[in-house]
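Taking it in order: structure first as structure tokens, then the write-up.
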Amino acid sequence: MEATKVHINDLRVGKIVSEDIYANTQYPILLKNTKLSQEHLYILKAFNIVQIPILLDGKDQERKEKKEPEEKSEVNVAVEKVVVVDRFGNKYNDVIDEFKKMFNGWGAGAKIDITKVRTMILPLVEKILEDRTIIFDLNSFSNAKDYLYHHCIATGLISAAIAQKLGYERGYVLQIAIAGTLADCGMARIPLRIREKKEPLNQLEFNEIRKHPIFSLQMVKNVPAFKEEMKEAIYQHHERLDGSGYPEKLRVGSVSNFGQIIAVADTFHAMTSERLYRLKESPFKVIEKIKESEFGKFDIQVVQALVDLVAALPIGTKIELSNLERGEIMFINKFAPTRPLIKLLSSGEIIDLSKNRSFYISRVITNE
């Protein structure tokens, strides 16, 4: 099919790019055969690209809505998202208070009321499945003192989001949310002096902590209306595919997919949250660590689902870098999704984080 170069001002949504487009970048900002969207036009103008080659199909493309109304619509969506996050935060804090009482009851010997857990967690699940950017707020809701309670709830929510991304049907998504929430219920049987110790644990204390998946299984094994696969996942959520996990040091082939979903969610939230003995880390930095230093421990598809949830952000998303500079995402590099091209808000300078590794995205700005 014949191609021609078209000036940026004459481009229309729906036209097909005839070759890869570069802009001082290692990877293309637009791939060959990409069908142009309004977002693509925005990217091209941001990079000051004057013209690009377009395939001629012999048909005139209809003009889309004017840019002004679209921008207005985007603003309205952004405002609506802020409201959703605020409402979520209020509900989330109520759930944490309720869960804390429930957890302390388990420590005193109370049985798990699965109906109560379900009623408590599902409204939050519905919200996070509608708006995945809530994931970025979970570590800011948490605090070191009440970390364990926040961790249980957040692990359930992130597990649900991962399961949905992997294509599991709704029933399983809701069950994995409950399983993720209850994965650490056995921690209620660990002595408080160990659970709330401010310094790193010694070997004896760590060995005691390693018993919690066994306690968790004991606490959920007779719970009705709860799938056996989920009980198994709770027991296996600290197993690793290379045999380095616990309590049984299982290897690939013996660890369930649901166990891996909770494992990835558990690890991600733990590393991105403030602890009594450790500072929180950037979600983007944690993703890189899970993919690199933890390679071989987690199922690749589960990790990729988490990457897609966290790193595949819309063009224009506001972020803050580790050097405290603020910017917006201009282009997601599929070969390094945690290191996109960023346009600094202060100067307009465009930075390719895949080339400049001296800093990274420290947080996504969701409510400003």
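The values are calculated or read from the model by the stated rules, or taken from the named source; none is laboratory data. Computed from a prediction, not measured in an experiment: that's the story for all the values here. All Cβ positions, even for glycine, are placed from backbone atoms using ideal geometry, and neighbour counts span all protein chains on display. SASA here: full protein model, heavy atoms, side chains in, ligands and nucleic acids out. Shrake-Rupley method; radii C 1.70, N 1.55, O 1.52, S 1.80 Å.
Descriptive notes on the structure:
- For region 118-135, the Karplus equation 6.51 cos²θ - 1.76 cosθ + 1.60, evaluated at θ = phi - 60°, returns couplings of 4, 4, 6, 8, 5, x, 5, 4, 4, 5, 6, 6, 7, 9, 5, 5, 4, 3 Hz by residue, with Gly and Pro reported as x.
- Paramagnetic label reach from residue 229 (point 7 Å along Cα→Cβ; backbone nitrogen cut-off under 18 Å): within region 249-288, residues 253-265.
- Listed residue pairs exceeding 19 Å between alpha carbons, taken from 116/197; 45/355; 197/280; 318/343; 211/249; 5/32: 116/197; 45/355
- For region 236-328, the dipole from Cβ point charges (+1 on Lys and Arg, -1 on Asp and Glu) about the Cα centre works out to 180 debye, to the nearest 20.
- Annotation: extensible slack from residue 204 through residue 55 equals 46.9 nm (criterion: 0.36 nm per residue apart, minus Cα-Cα distance).
- Helical contribution to [θ] at 222 nm, DSSP H n ≥ 4, -39,500 (n - 2.57), averaged over the chain, rounded to 500: -15000 deg cm²/dmol
- Amide H within-cut-off set for residue 331, under 5 Å, with H built and near neighbours excluded: 341
- FRET efficiency, 1/(1 + (r/R0)^6) with R0 41 Å, evaluated for residue 346 and residue 194 via beta carbons: 0.30
- Theoretical gain in end-to-end length, residue 335 to residue 214 [0.36 nm per residue, Cα-Cα removed]: 39.6 nm
- Simple spin-label estimate for residue 356 and residue 87 in nanometres, 7 Å along Cα-Cβ: 3.9 nm
- Within region 272-313: backbone nitrogen closer than 18 Å to the residue 242 label point (7 Å, Cα to C-beta): 286-304
- Qualifying trypsin sites (Lys or Arg not before Pro) in region 276-368, where qualification requires a DSSP coil assignment and no more than 14 other C-beta atoms within 10 Å, comprise 278, 334, 355, 357.
- Per-atom-type breakdown for region 108-209 gives carbon and sulfur 51% of the accessible area (1.4 Å probe, protein chains only).
- Using the 1.4 Å probe convention, the accessible area of the chain works out to 50 Å² per residue with neighbouring protein chains retained.
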